[in-house]
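Student: Mind having a look at this structure? Questions to follow.
The values are calculated or read from the model by the stated rules, or taken from the named source; none is laboratory data. Since we're looking at a predicted model, the values are computed, not measured. Note that each Cβ is placed from the backbone with ideal geometry, even for glycine, and that neighbours are counted across all protein chains shown. In case anyone asks, the SASA skips ligands and DNA or RNA and just uses the protein heavy atoms, side chains included. Shrake-Rupley method; radii C 1.70, N 1.55, O 1.52, S 1.80 Å.
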Amino acid sequence: MASLKAIRRRIASVKSTQQITRAMKLIAAARLRRAQEALIAARPYSEALARVADSLLNAQGIDLAPAQNAEKKALVAVIAADRGLCGGYNTNIIRAGEEVLHSLQDDGFDVAFYAVGKKAVDHYRRTEAPIAVESINNAPRLATIGLARTIAARMLADFQSGAISQASIVYTQFKSALTQKPVCEQLLPVQTIEKKPDDTAAPLDYLIEPSPAELVPVVVKSYLEASIFHALLEAEASEYGAKMTAMDSATNNAFEMINALTLEMNRARQAQITKELMDIVGGAEALRG
Amino acid sequence: MAERFKVKLVTPTGVVFEGEARQVVAVGPLGEFGVLAEHINFITSLLPGVLRIERPDGPVESWVISGGLTEVKDGAMTVLANSAQTPDSIDRGQAAAEEREADQKISAMSFYDPEYPAAEEALLLARARSQAASATAAR
């Protein structure tokens, strides 16, 4: 049995770890709330944009094909976190990224990654996967319009120049603080409009300025930016959700460990007292005898 | 004839304005345009500039938007701005400095430079910000 002093020291250490995990859980909870609010605030924009894109592309019936003789390459953005300590969040998203990589490779694509988050960058460096762009240190917030715009600009430029013929984003969809699901969404070529078979109503008559040919790229760009921004928001909420859950269970584990150690400590203390008593009684007997 | 119509101004970070207007003035690729009630169904892109919403009861509210799209459908207008800023949140001196900087940057550039459209957009935004800030200061 460990000595009383050693057990006491361990209890103190577990307690301070628990304090840290508890603080991290509270911070994650606060950030999660903020991320969820941002997710809700972004909804009207995406909905309105989807409607406009729908009306425009339906009215025009324009297909957005990749540039002619585009190379069979794909750019996959993987959104992970800069930091760990968030349960399986990073592992899951990186595994989903690998699956996408393999399925694209099976289709004959050359894949490069747009790695967002230190954990993704580290992983692809380690496995020597081709990284097209890396973006780390997205503190204090991951989901910024600036980052979404940077990613969108890169994808669109490569797509238009024919350097890539497909662009996707792998991110974690936020369901609740307990469940998050990694998903892959194809961004380019645009797959926004799913024509329903019964959708035979005459397209709405719109006055389109300056001209459909000039307007479609603007809509596509906005749509791309909004989709990426949405993915970033989901990823941010998921990260904090996962972190909150992980830190909550860490705090609980620390609590259980403290209980177990306290029991052990009490036993050790009693054993010591008993031993001392025996010594005293033994000594007294010896003197009397 | 209806004299007012519904307007909604949304950005990726939330709904900025939702209400009724008598007239909305914005800057499109073909120049400044106004929208009144019973406008035809209409879609256009927006350049960086000032968006003015004239309320039915008089006051005019304005925002500096950094480009976007707008749609008028069945008499209701939706403005999808990349970002919207109220003029009183803009510092006049700083905005003027930004405008000069953007101006210098673009005059040193070739028209065929791939960065040219972005620089042009930056200049338009800086100009709109600076003008909106001075207009607020003059009032």
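Student: Given the conditions (1) within 29 Å of A:S211 (Cα to Cα); (2) open to solvent by 30 Å² or more (accessible area, probe 1.4 Å); (3) assigned to a loop (DSSP other than H, G, I, E, B), and given that A:N137 satisfies all but one, which numbered condition is not satisfied?
Tutor: If we test A:N137 against (1) within 29 Å of A:S211 (Cα to Cα); (2) open to solvent by 30 Å² or more (accessible area, probe 1.4 Å); (3) assigned to a loop (DSSP other than H, G, I, E, B), just (1) comes out false.
Student: When residues of region B:18-41 are filtered for being within 12 Å of chain A (Cβ to nearest Cβ), surrounded by fewer than 18 Cβ atoms within 10 Å (Cβ to Cβ) and either of a type in the set (D, E, K, R) or part of a strand (DSSP E or B) (or both), how many remain?
Tutor: So the count comes out to 4.
Student: Would you check if A:M244 is closer than 30 Å to A:R43 by Cα and either modelled with pLDDT of 90 or more or crowded, with 20+ Cβ neighbours inside 10 Å (or both)? Reasoning before the result, please.
Tutor: Numbers: closer than 30 Å to A:R43 by Cα: yes; either modelled with pLDDT of 90 or more or crowded, with 20+ Cβ neighbours inside 10 Å (or both): yes.
Taking the combined requirement at face value, the residue satisfies it.
Student: I want to confirm something. Restricting to region B:42-69 and keeping residues that are of a type in the set (S, T, Y) and under 22 Å from B:P117 (Cα atoms), which single residue is farthest from the other protein chains (Cβ to nearest Cβ)? Quick ask: steps written out before the conclusion?
Tutor: Restricting attention to region B:42-69, the residues satisfying the condition of being of a type in the set (S, T, Y) are B:44-45, B:62, B:66.
With under 22 Å from B:P117 (Cα atoms) added as a condition, the list becomes B:44-45, B:66.
Details: B:T44: 4, B:S45: 4, B:S66: 10 Å.
Going through the qualifying residues, I end up with B:S66.
Student: Report, by residue number, each residue of region B:68-82 that is touching a residue at least 60 places away in the same chain (Cβ under 8 Å) and either under 9 Å from the mean Cα position of the chain (by Cα) or open to solvent by 50 Å² or more (accessible area, probe 1.4 Å) (or both).
Tutor: Going through region B:68-82, the residues touching a residue at least 60 places away in the same chain (Cβ under 8 Å) turn out to be B:75-82.
Answer for region B:68-82, where residues must be touching a residue at least 60 places away in the same chain (Cβ under 8 Å) and either under 9 Å from the mean Cα position of the chain (by Cα) or open to solvent by 50 Å² or more (accessible area, probe 1.4 Å) (or both): just B:A81.
Student: Select, from B:I65, B:I53, the only residue that is open to solvent by less than 40 Å² (accessible area, probe 1.4 Å), within 24 Å of A:G146 (Cβ to Cβ) and not assigned by TED's automatic domain parsing to the domain that holds B:Q131. Spell out the reasoning first.
Tutor: Values: B:I53 fails: within 24 Å of A:G146 (Cβ to Cβ).
So the residue among B:I65, B:I53 that is open to solvent by less than 40 Å² (accessible area, probe 1.4 Å), within 24 Å of A:G146 (Cβ to Cβ) and not assigned by TED's automatic domain parsing to the domain that holds B:Q131 is B:I65.
Student: Scan region A:226-239 residue by residue and report those that are more than 9 Å from chain B (Cβ to nearest Cβ) and not aliphatic (A, V, I, L, M).
Tutor: Those that are more than 9 Å from chain B (Cβ to nearest Cβ) and not aliphatic (A, V, I, L, M): A:S227, A:E234, A:E236, A:S238, A:E239.
Student: When you look at A:V52, is it surrounded by 19 or more Cβ atoms within 10 Å (Cβ to Cβ), out of contact with any Leu (no Cβ under 8 Å at 6 or more places or on another chain) and either within 14 Å of chain B (Cβ to nearest Cβ) or modelled with pLDDT of 90 or more (or both), yes or no? First the steps, then the outcome.
Tutor: On the way: surrounded by 19 or more Cβ atoms within 10 Å (Cβ to Cβ): yes; out of contact with any Leu (no Cβ under 8 Å at 6 or more places or on another chain): no; either within 14 Å of chain B (Cβ to nearest Cβ) or modelled with pLDDT of 90 or more (or both): yes.
Answer is no for this residue.
Student: Among the residues of region B:35-60, what is the count of those that are without any contact (Cβ under 8 Å) to a residue 40 or more places away in the chain and within 27 Å of A:E225 (Cα to Cα)?
Tutor: Count: 7.
Student: Can I ask one more? Any chance you could count how many residues in region A:136-150 are aliphatic (A, V, I, L, M) and more than 14 Å from every other protein chain (Cβ to nearest Cβ)? Steps first, answer last, please.
Tutor: Step one: of region A:136-150, the residues aliphatic (A, V, I, L, M) are A:136, A:139, A:142-143, A:145, A:147-148.
In the following step, the residues that additionally are more than 14 Å from every other protein chain (Cβ to nearest Cβ) were identified as A:136, A:139, A:142.
Summing the residues that are aliphatic (A, V, I, L, M) and more than 14 Å from every other protein chain (Cβ to nearest Cβ) in region A:136-150 gives 3.
Student: How do the pairs read when you match residues in region A:212-225 that are facing chain B (nearest Cβ under 8 Å) with residues anywhere that are assigned to a helix (DSSP H, G or I) and basic (K, R), using Cβ under 9 Å and keeping only pairs 6 or more apart or on different chains?
Tutor: Going by the 9 Å Cβ cut-off, the qualifying pairs are A:E225/A:R149.
Student: Condition first: more than 10 Å from A:L4 (Cβ to Cβ) and acidic (D, E). Now tell me which residues in region A:258-289 satisfy that.
Tutor: A:E276, A:D279, A:E285
Student: A further question follows. Confirm whether A:A77 is crowded, with 17+ Cβ neighbours inside 10 Å, in a strand (DSSP E or B) and among the small types (G, A, S). Lay out the reasoning, then the answer.
Tutor: On the way: crowded, with 17+ Cβ neighbours inside 10 Å: yes; in a strand (DSSP E or B): yes; among the small types (G, A, S): yes.
Considered against the rule, which asks whether it is crowded, with 17+ Cβ neighbours inside 10 Å, in a strand (DSSP E or B) and among the small types (G, A, S), A:A77 comes out as yes.
Student: Out of the residues in region A:164-178 that are open to solvent by 10 Å² or more (accessible area, probe 1.4 Å) and in a strand (DSSP E or B), which is nearest to A:V190 (Cα to Cα)?
Tutor: Among those that are open to solvent by 10 Å² or more (accessible area, probe 1.4 Å) and in a strand (DSSP E or B), it is A:Q166.
Student: From A:E185, A:E236, A:E214, which residue is open to solvent by 20 Å² or more (accessible area, probe 1.4 Å), modelled with pLDDT of 80 or more and part of a helix (DSSP H, G or I)?
Tutor: Values: A:E185 fails: part of a helix (DSSP H, G or I); A:E236 fails: open to solvent by 20 Å² or more (accessible area, probe 1.4 Å).
Being open to solvent by 20 Å² or more (accessible area, probe 1.4 Å), modelled with pLDDT of 80 or more and part of a helix (DSSP H, G or I) holds for just one of A:E185, A:E236, A:E214, which is A:E214.
Student: Okay, moving on. From (1) farther than 23 Å from A:P217 by Cβ; (2) assigned to a helix (DSSP H, G or I), pick out the condition that doesn't hold for B:R52.
Tutor: Looking at each condition in turn, B:R52 falls short on (2).
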